[in-house]
Amino acid sequence: MFIINNLTVKYNKKVVLNDLSLKLDLFSISGIIGYNGAGKTTLLNAIYGLIEVPRSCFILNNKRLERSDIAYLEASNFFYSNITGRDYLKLFHRKNRSFNIELWSSIFNLPLDKFIETYSTGMKKKLALLGILSMDKQIIILDEPFNGLDIESVMALQIICKKLIEQKKTIIITSHIIESLTTICDSISVLKDGVIESTIAPAEFNMLTENITGEMNVKYSMLIDEAMR
């Protein structure tokens with residue numbers, strides 16, 4: 001079990017996460033959704049250790065979760081200038097010689113010998129993802145991993161996630177595209193107003209989608225009708 005206990009994060013005087021608690025099963029894919037500003041990225045940053053919070057808030061198998069247990073794909077990816085995709089992956093390969101650069105890059109059809117600055121947004125996302133996979137960590141955090149990916153790559157990533165669970169990995173994933181989560185997740189937690197409002201099982205995913213669609217219709221239909229007059 002991966003447990004988050006009483007996590008609070010403030011920026012100046014604004015409370016972003018308010019005494020948040022959550023329990024997630026190991027060897028599963030746990031989705032986290034929430035509207036913009038709900039605190040999804042703040043939560044992931046806190047888990048990974050990019051935000052200074054007590055590490056005692058995070059428990060993995062009755063022990064404190066350490067940053068060394070985690071591989072984290074951030075929503076925005078940074079690359080050094082004037083290096084190729086191959087150069088980038090070789091940095092990771094030094095720590096995991098079993099990672100087959102050629103085979104993995106062929107899955108996403110990446111031009112490894114071209115400079116990364118020539119890559120499209122989707123290609124950069126796929127390259128960063130391969131770096132994360134090569135780390136072979138127990139906990140894998142993916143923040144908006146489907147952004148910029150074409151349909152084929154989205155499906156490949158979904159298959160990869162399922163295969164990782166078979167290898168006893170635990171995945172925490174966010175996406176603003178709810179359908180990309182309902183396809184693969186074992187549970188989805190709704191983050192709202194700084195707390196986990198609910199955690200939904202697959203049998204309830206359709207209801208969750210309908211509720212979100214209904215909320216959006218109520219929120220925007222009248223405003224859009226007024227704007228189009």
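The values are calculated or read from the model by the stated rules, or taken from the named source; none is laboratory data. Just so we're clear, the structure is a prediction, and the values are computed from it rather than from any experiment. Glycine gets a Cβ as well: all are built from the backbone with ideal geometry, and neighbour counts include every protein chain shown. The accessibility values were calculated without ligands, DNA or RNA, using every heavy atom of the protein model including side chains. Shrake-Rupley method; radii C 1.70, N 1.55, O 1.52, S 1.80 Å.
Things to note:
- Any hit, the stretch 96-105, residues being at pLDDT 90 or above, out of contact with any strand residue (DSSP E or B) (no Cβ under 7 Å at 6 or more places or on another chain) and of a type in the set (A, V, I, L, M): yes
- Long-range neighbours under 7 Å by Cβ, at least six apart or interchain, first residue farther than 15 Å from GLU197 by Cβ and in contact (Cβ under 8 Å) with a residue 60 or more places away in the chain within the stretch 10-24, second in a strand (DSSP E or B) and among the acidic types (Asp, Glu): none
- Flag for SER175 being in contact with a Pro (Cβ under 8 Å, 6 or more places away or on another chain) and at pLDDT below 95: yes
- Search result, residues across the stretch 1-20 that are under 21 Å from ASN36 (Cβ atoms) and aromatic (Phe, Trp, Tyr): TYR11
- In the stretch 71-95, the residues that are open to solvent by 80 Å² or more (accessible area, probe 1.4 Å) and under 18 Å from LEU149 (Cβ atoms): GLU74, SER76
- Residues that are at pLDDT below 95, open to solvent by 100 Å² or more (accessible area, probe 1.4 Å) and assigned to a loop (DSSP other than H, G, I, E, B) occur at least once in the stretch 187-203.
- Qualifying residues in the stretch 204-229 (those that are more than 30 Å from ILE160 (Cα to Cα) and among the β-branched types (Val, Ile, Thr)) - the one modelled with the highest pLDDT: ILE224
- Residue check, LYS114 of a type outside the set (Phe, Trp, Tyr), over 30 Å from GLY39 (Cβ atoms), modelled with pLDDT of 95 or more and exposed (fewer than 15 other Cβ atoms within 10 Å of the Cβ): yes
- Number of residues in the stretch 9-42 that are polar (S, T, N, Q), open to solvent by 60 Å² or more (accessible area, probe 1.4 Å) and part of a strand (DSSP E or B): the value is 1.
- Boolean, ILE3 is under 24 Å from SER175 (Cβ atoms) and crowded, with 19+ Cβ neighbours inside 10 Å: no
- Residues in the stretch 179-199 that are in contact with a strand residue (DSSP E or B) (Cβ under 6 Å, 6 or more places away or on another chain) and free of Cβ contacts under 8 Å to residues at least 40 places away in the same chain: GLU197, SER198.
- The number of residues in the stretch 166-177 being crowded, with 17+ Cβ neighbours inside 10 Å and not in a strand (DSSP E or B) comes to 2.
- Members of the stretch 98-138 that are acidic (Asp, Glu) and farther than 26 Å from SER175 by Cα: GLU102, ASP113
- Summed over the stretch 155-164, residues that are open to solvent by 30 Å² or more (accessible area, probe 1.4 Å) and either part of a loop (DSSP other than H, G, I, E, B) or touching a residue at least 12 places away in the same chain (Cβ under 8 Å) (or both) total 1.
- Residue in the stretch 43-54 that is at pLDDT 90 or above, open to solvent by 80 Å² or more (accessible area, probe 1.4 Å) and of a type in the set (Asp, Glu) present: yes
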